[in-house]
Amino acid sequence: MTEQQARQEMVQLGASFFQRGYATGSAGNLSMLLEDGNLLATPTGSCLGELQADRLSKVTLQGDWIEGDKPSKEIAFHRALYLNNPACKAVVHLHSHYLTALSCLQGLDTQNCIRPFTPYVVMRVGDVPVVPYYRPGDLRLAEDLAVLAPRYRAFLLANHGSVVMGKSLREAADNTEELEETARLIFTLGDRAIRYLSADEVAELRS
């Protein structure tokens, strides 16, 4: 994929997220690894529904701003994921409704906040750990994600939202939507008795 194609894909996926209510206002950010080894990212304060291809931020993996509008302050935790997981080629961070609601609950299993009850989260992302709350832009968020990055593909940021990695921006987007749908099911089911997948069933999906 050329850089221009990558820019167009980011604009299109950002608009799709915004139009379907996965992103509101200027919340959330996207990034992807370019063939030249640099990162393409959404600028600070930008609305995902109004991205412009020629104004997207371009930064090095070391965080140096190369061109485009100023990158989001949260690019630090994006960089931590790329630097600590070679399979990571794109990152989607959203404050989508149900995942953000889930992130605000007390008593979540911090090792895996979504106990499997459908096969799709298991197959697409596996376990989803919870990262402690830090104010947006706090470098401790990047530090925690750097530790978790080699073992996981998706994360729930306490009182904040979700972060999902992918081998492409499309894969990261699709997996984010799968997580959001699963979170919606959690709230839809409420306190009803759920038939969770057994350990053997989960192992079969992972194999």
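Would you check which residues across region 152-179 are part of a loop (DSSP other than H, G, I, E, B) and open to solvent by 40 Å² or more (accessible area, probe 1.4 Å) and list them?
153, 159, 167, 168
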Open item on the list: I'd like to check something: does region 69-82 contain any residue that is part of a strand (DSSP E or B), closer than 28 Å to residue 150 by Cβ and touching a strand residue (DSSP E or B) at 6+ places or on another chain (Cβ under 6 Å)?
Closed with: yes
Task: Residues located in region 93-151, provided they are under 18 Å from residue 172 (Cβ atoms) and part of a loop (DSSP other than H, G, I, E, B) - done: 95, 96, 114, 125, 126, 127, 128, 129, 149, 150, 151
Task: Residue check for residue 44: open to solvent by 30 Å² or more (accessible area, probe 1.4 Å) and touching a His at 6+ places or on another chain (Cβ under 9 Å) - done: no
TODO: Being acidic (Asp, Glu) and in contact (Cβ under 8 Å) with a residue 24 or more places away in the chain is the filter; apply it to region 117-163 and report the residue that is nearest to residue 79 (Cα to Cα).
DONE: 143
TODO: Please find, among 135, 184, 124, the residue that is touching a helix residue (DSSP H, G or I) at 6+ places or on another chain (Cβ under 8 Å), open to solvent by 60 Å² or more (accessible area, probe 1.4 Å) and within 17 Å of residue 100 (Cα to Cα).
DONE: 184
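The values are calculated or read from the model by the stated rules, or taken from the named source; none is laboratory data. It should be emphasised that the depicted structure is a prediction, and the values quoted were computed from it without experimental measurement. Using ideal geometry, Cβ is built from the backbone for each residue, glycine included, and neighbour counts are taken over all protein chains shown. In case anyone asks, the SASA skips ligands and DNA or RNA and just uses the protein heavy atoms, side chains included. Shrake-Rupley method; radii C 1.70, N 1.55, O 1.52, S 1.80 Å.
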